[in-house]
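The values are calculated or read from the model by the stated rules, or taken from the named source; none is laboratory data. Because the structure is predicted, anything quoted here is derived from the model rather than measured. Heads up, the Cβs are rebuilt from the backbone with ideal geometry, glycines too, and the neighbour counts pull from every protein chain shown.
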Amino acid sequence: MAQILAFNRWPAEGIEVEDQGLKAYITLQPKIVPKTGGRYAGNKFYKSRIFIVERLINKLMIPGHKSKKHFKTSYHITGKSHRAYDIVENAFRMIEKQTKENPVKVFVKALENASQREEIITIEYGGARYPKAVECAPQRRIDLALKNMAQGAYHRSFNSKKSIESCLTDEIINAYNLSQASNAIARKFEVERQADSSR
């Protein structure tokens, strides 16, 4: 039986998710063309069964708001799935060239590193608001990590000579190396530090 490769190029066999909390929420069943077209979007929690690279592609199409500055994150592709597909494929080629490793493995490890364990909610007592630290749900941890990676890449490439592919490559490699040059890692440390101080 022929082995299915991500982008018909990289295998996902042998890649292990070390974080036990995320294991059930990172799907590593590769697709030659990772695009389901939102076929199962109406099913609750079904996105966790979608190949994790496809979730990155979807997040690049609509990276979401960052401090209410949505014009910055919708600059490059404005929801074109084929453009997002090409961005991720080219970024993975660059990751392979720089790290000499399987880029799917690098991306999965980067995602584990960038997944925050805590976040802040606001509770109200008698008209006064207080921050409170809470544990982050596993699926939300992945959602936030993907969002922070996509936004970090877009904001670095906005009004810059650097291409979005290069910025996404840098973001994933920095997250893989636990470097604070990665927006996702910097954001994770900032939120966890705030959560720690609000106990």
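Scan the stretch 99-108 residue by residue and report those that are touching a residue at least 40 places away in the same chain (Cβ under 8 Å) and out of contact with any strand residue (DSSP E or B) (no Cβ under 8 Å at 6 or more places or on another chain). Those that are touching a residue at least 40 places away in the same chain (Cβ under 8 Å) and out of contact with any strand residue (DSSP E or B) (no Cβ under 8 Å at 6 or more places or on another chain): T99, K105, V106, F107, V108. Of all residues in the stretch 133-158, those being assigned to a helix (DSSP H, G or I) and over 19 Å from E112 (Cα atoms) number 4. Looking at the stretch 88-98, can you tell me whether even one residue there is part of a loop (DSSP other than H, G, I, E, B) and either free of Cβ contacts under 8 Å to residues at least 12 places away in the same chain or within 22 Å of K59 (Cβ to Cβ) (or both)? There is no residue in the stretch 88-98 that is part of a loop (DSSP other than H, G, I, E, B) and either free of Cβ contacts under 8 Å to residues at least 12 places away in the same chain or within 22 Å of K59 (Cβ to Cβ) (or both).
Pairing residues of the stretch 127-152 that are at pLDDT 90 or above with residues that are among the aromatic types (F, W, Y) and not in a helix (DSSP H, G or I), at Cβ distances under 7 Å and at least 6 apart in sequence or on separate chains, gives Q139/F45.
Of all residues being touching a Gly at 6+ places or on another chain (Cβ under 9 Å) and of a type in the set (K, R) in the stretch 124-181, which is nearest to I87 (Cα to Cα)? Just the residue, please. This residue is K147.
Only a single criterion out of (1) touching a strand residue (DSSP E or B) at 6+ places or on another chain (Cβ under 7 Å); (2) part of a helix (DSSP H, G or I); (3) among the aliphatic types (A, V, I, L, M) is not satisfied by I121, namely (2).
If I ask for residues that are part of a helix (DSSP H, G or I) and touching a residue at least 60 places away in the same chain (Cβ under 8 Å), which ones from the stretch 21-46 would you list? I'd like the intermediate steps shown before the answer.
Initially, the stretch 21-46 is screened for residues part of a helix (DSSP H, G or I), giving 23-25, 46.
Residues satisfying the conditions are A24, Y25.
Only residues that are surrounded by 17 or more Cβ atoms within 10 Å (Cβ to Cβ) and of a type in the set (K, R) were counted across the stretch 157-199, and they come to 2. Can you tell me which residue among L178, L111 is out of contact with any strand residue (DSSP E or B) (no Cβ under 8 Å at 6 or more places or on another chain), modelled with pLDDT of 90 or more, of a type outside the set (D, E, K, R) and not in a helix (DSSP H, G or I)? Result: L178 is the single residue among L178, L111 that is out of contact with any strand residue (DSSP E or B) (no Cβ under 8 Å at 6 or more places or on another chain), modelled with pLDDT of 90 or more, of a type outside the set (D, E, K, R) and not in a helix (DSSP H, G or I). Being in a helix (DSSP H, G or I) and touching a Gly at 6+ places or on another chain (Cβ under 7 Å) is a description that does not apply to E192.
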